[in-house]
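Quick notes on the structure that follows.
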Amino acid sequence: MFDKILIANRGEIACRVIKTARRMGIKTVAVYSEADAKARHVRLADEAVLIGPAAARESYLVIDKIIAAAKQTGAQAIHPGYGFLSENEDFCHACEREGIVFIGPPVSAIRAMGSKSEAKKLMEAAGVPLTPGYHGDDQEPAYLHQQADAIGYPVLIKAAAGGGGKGMRLVEKSEDFIDLLASCKREAISSFGDDHVLVEKYITKPRHIEIQVFGDTHGNVVYLFERDCSVQRRHQKVLEEAPAPGMTPERRAAMGKAAVDAAKAVGYVGAGTVEFIANQDGSFYFMEMNTRLQVEHPVTEMITGLDLVEWQLRVASGEKLPLEQEQLQIRGHALEARIYAEDPAKGFLPSTGKLVHLAPPAESLHVRVDTGVEEGDEISPHYDPMIAKLIVWDINRDRALARMLQALADYRVVGVANNIEFLSRLTACPAFSGADLDTGLIEREKAYLFPVEEGVPDEVLQIAALAELLREAALADKRAQRTADARSPWHARDGWRMNATARRTLLFRHGETDRAVEVAYLPGAWRLTVDGRGVEARGELNARGLLRVELDGTRMDATVIAAAGRRHVFAKGRAWQLAAVDPLHHGGEGGGAEGGLLAPMPGKVIALVAAEGAKVEKGAPLLILEAMKMEHTITAPSAGTVKAFRFGVGDQVGDGAELVEFEVAA
């Protein structure tokens, strides 16, 4: 077994590998960019080496810097994690050349599976079922268009070197093919350095089911059952679970055999995942093989009781697989939700900023949180905006769903937009809870998943007001303790008046609406009235914002976090963001730059779609911004004229930068 390994990654997966390595008594070396100097994985590792600037192409993707860090620190092996260089055959070859063990498959297996088109040919020879499509080398747009027409729409254009949902476009009609092909190729060259694509028939209502495989250097290969990853957006997984709902023993055995055959066909060693598109009728087709540990591997660990990172380390050090196929068993059901800094209401636009308050649910036998950040850390525009992976387990799917709903309700994030409430709605969605699964579920259930926003309930306003009053009282008491006469009644914030009841108004803003809470001071409590409906309120508030509430004798727990003039209220499984309004303050009129379209986040302009001077209709694409490895199309807010672009192709833009001078039509 190794004495020291280097982890060529960052964030959650680096922390995950460190955890197992530490348990096994193996020293760890982290690598980090300038943007990650204070990151959690750097703090957890035994050693850490700076490898370059924030941009991944100048740090985490530079093979020579990773190898140099391993040699400098005496690391015997490198764990690549997922993403970055994890499926890069040149990196694997460089490790071999320098006598460093690559904790993953051999170069030949990465090469064989690295190209989707070449992998399909190998799988066809191995007898693994394939989806109808074109996997050839002719990449002329006109020829690919002709092939798509012959296959029949809808078709899926996929980057041959792709993965992680990048470089994929669904084409539903022939006239859209050329534009979507160009977009797919741009994203492919940006993400993978290769714009080779393949075109496949898009199966309607498909399920995405993958098989976890493991091989060793002694010729043994096993499968550790399946994961259902059908719930996706933009071809990226959102909720994963194991085992797959409705999976029969016969179908599991058939898919497991196909996955093992695929692994054996390329001499596979280590952890890998064979992904299949499954029809509702039970048929399935090979999609691709990921030659690395998957983001969603924890659900497999939860139902098998195994540590897949430990298996990786043991296999890479030359040991045989710890168990044979007959010894592997499924116990219970597990779900994983990816907690992201993104705004579902704005098309899942990534969010950046400081994690002002971060309180995940308590971990236990049933709940696990894998994360690469802690309170006070930054979600950077340079990398994937994942906050954590929330994994739950219980003896069956219904109980696991209940665990997930409770864990999501207990999650507290302040400082960045996040998808927690969306995940709660998704978990509770009748289609998901009833296991009516396919990759179009989110689109199909839009009305349920993106409800029209309702006003803030009176009870939430009363909770916010109670927290405000308790915070004021605690602050007054703290100030009193610093005076010579701490017990003086003049320090108290109890609203005492001679022969009268003290009253005041607290104002909170939600969106564009101001709501008033009328406060009447009572002995040891307050009467809080909203729109004529009042309750007697009392409670206790701690320094972390945890609030024990009592409203008219009914008790509940809530959390209220005050940050930058806002009050973040978490209660009854929901979260509300309110602005505390000073009734004596009158701001000036006006807002942002009139007639300008602003960048929703930092990024790079990669295409100007409209021409300066062009008259356009509402929703017409104007330019394309690339941010966090994804394309974001900036569209016209209304009919009007494109007066000028403020940036050119290749320019970097900051959050809120004016992109287009736009004149609204009269």
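All of the numbers you see were taken from the coordinates with simple rules; none came from a lab. Model, not experiment: these values are computed from the prediction. Cβ placement follows ideal geometry from the backbone for every residue including glycine, while neighbour counts extend to all protein chains displayed.
List the residues, sorted by chain then number, that are 5 or more residues from residue 48 or on another chain and whose placed amide H is less than 5 Å from its amide H.
So residue 48 has HN proximity to 30.
Just to confirm the number: angle between the C-alpha axis of helix 116-125 and the first principal axis of the chain, 0 to 90 degrees, nearest 10?
That works out to roughly 50 degrees.
Between residue 666 and residue 501, what is the label-point separation in nm under the 7 Å Cα-to-beta-carbon projection?
5.9 nm
Sorting 24, 247, 113 on the 10 Å Cβ count, fewest up front, what's the list?
Result, fewest neighbours first: 24, 247, 113.
Working from Cα positions, state the angle (0 to 90°, nearest 10) between the long axis of helix 397-410 and the longest principal axis of the chain.
50 degrees
For each of 439, 73, count neighbouring Cβ atoms within 10 Å of the residue's Cβ, then give the residues from fewest to most.
With the fewest neighbours first, 439, 73 line up as 73, 439.
Which order do 211, 277 fall in if you start with the one that has the fewest other Cβ atoms within 10 Å?
Taking fewest neighbouring Cβ atoms as first place, the list is 277, 211.
Amide H to amide H, which residues 5 or more places from residue 388 or on other chains are under 5 Å from it, using H placed in the peptide plane?
339
What length, rounded to one decimal in nm, is gained on full extension from residue 540 through to residue 46, with 0.36 nm per residue of separation minus their alpha-carbon distance?
173.7 nm
Report the calculated FRET efficiency for residue 204 and residue 150 (r = Cβ-Cβ distance, R0 = 25 Å), to the nearest 0.05.
Between residue 204 and residue 150 the formula returns 0.85.
Could you pull out every residue, at least 5 positions away or on a different chain, whose amide H is within less than 5 Å of the one on residue 296? Hs are placed 1.01 Å off N in the peptide plane, and Pro or chain starts have none.
Sorted by chain and number, the residues that satisfy this come to none at all.
Given a Förster distance of 45 Å, report the FRET efficiency between residue 649 and residue 108 from their Cβ-Cβ distance, rounded to the nearest 0.05.
E between residue 649 and residue 108, to the nearest 0.05, is 0.70.
Kindly provide the helix-only [θ] at 222 nm of the chain, computed as the sum of -39,500 (n - 2.57) over DSSP H runs of four or more divided by all residues, to the nearest 500 deg cm²/dmol?
The helix contribution divided over the chain gives -8000 deg cm²/dmol.
Between residue 3 and residue 58, what is the FRET efficiency for a Förster distance of 30 Å, r being their Cβ-Cβ separation, to the nearest 0.05?
That pair, residue 3 with residue 58, gives E of 0.50.
Label points 7 Å out from Cα along the Cβ direction at residue 96 and residue 398: separation in nm?
Result for the modelled spin labels: 5.3 nm.
What relative contact order, as a whole-number percentage, does the chain give when Cα pairs under 8 Å and 6 or more residues apart are counted?
In percent, rounded to a whole number, it is 9.
Stretch residue 607-residue 234 to full length: gain in nm at 0.36 nm per residue minus the Cα-Cα span?
132.3 nm
Do any GluC sites (Glu not before Pro) in segment 152-257 lie in a loop, going by DSSP, with at most 14 other beta-carbon atoms within 10 Å of their beta carbon, and if so which?
172
Of all GluC sites (Glu not before Pro) in segment 610-649, which ones are in loop regions per DSSP and have a Cβ with at most 13 other Cβ atoms within 10 Å?
Filter output for segment 610-649: 612, 617.
Applying the Karplus parametrisation 6.51 cos²θ - 1.76 cosθ + 1.60 with θ = phi - 60° to the phi angles of segment 302-308, what ³J(HN,Hα) value in whole Hz is obtained for each residue in order, glycine and proline being reported as x?
After applying 6.51 cos²θ - 1.76 cosθ + 1.60, I find 5, 8, 10, x, 10, 9, 5 Hz.
What is segment 458-581's relative contact order, in percent, from Cα pairs under 8 angstrom and six or more apart in sequence?
Relative contact order, segment 458-581: 20 percent.
How large is ³J(HN,Hα) for each residue in segment 526-534, as worked out from phi by the Karplus curve 6.51 cos²θ - 1.76 cosθ + 1.60 (θ = phi - 60°), to whole Hz, x for Gly and Pro?
Computed from phi, the couplings for segment 526-534 are 9, 9, 10, 10, 10, 6, x, 9, x Hz.
Return one number: the angle in degrees, 0 to 90 and rounded to the nearest 10, between the long axis of the Cα atoms of helix 63-73 and the longest principal axis of the Cα atoms of the chain.
80 degrees
Express in nm, to one decimal, how much length is gained between residue 479 and residue 138 on full extension, taking 0.36 nm for each residue of separation and deducting their alpha carbon distance.
Between residue 479 and residue 138, full extension yields an extra 115.2 nm.
For segment 384-437, what number results from the quotient of the Cα radius of gyration and 2.2 N^0.38 Å?
1.20
Counting other C-beta atoms within 10 Å, and keeping those with at most 14, which DSSP coil trypsin sites (Lys or Arg not before Pro) do you find in segment 38-74?
Qualifying residues, ordered by number: 38.
Would you please classify the overall shape of the chain from the alpha carbon gyration tensor, given that a ≥ b ≥ c denote the square roots of the eigenvalues, rounded means a/c under 1.5, and beyond that prolate means a/b larger than b/c while oblate covers the rest?
Here the chain falls in the prolate category.
Spelling out what I want: for every residue of segment 414-419, take phi, set θ = phi - 60°, compute 6.51 cos²θ - 1.76 cosθ + 1.60 (Karplus), and round to whole Hz; glycine and proline get x.
Values per residue, Gly and Pro as x: 10, x, 9, 5, 8, 9 Hz.
Tell me the label-point distance for the pair residue 435, residue 34, using the 7 Å Cα-to-Cβ offset, in nm and rounded to one decimal.
5.3 nm
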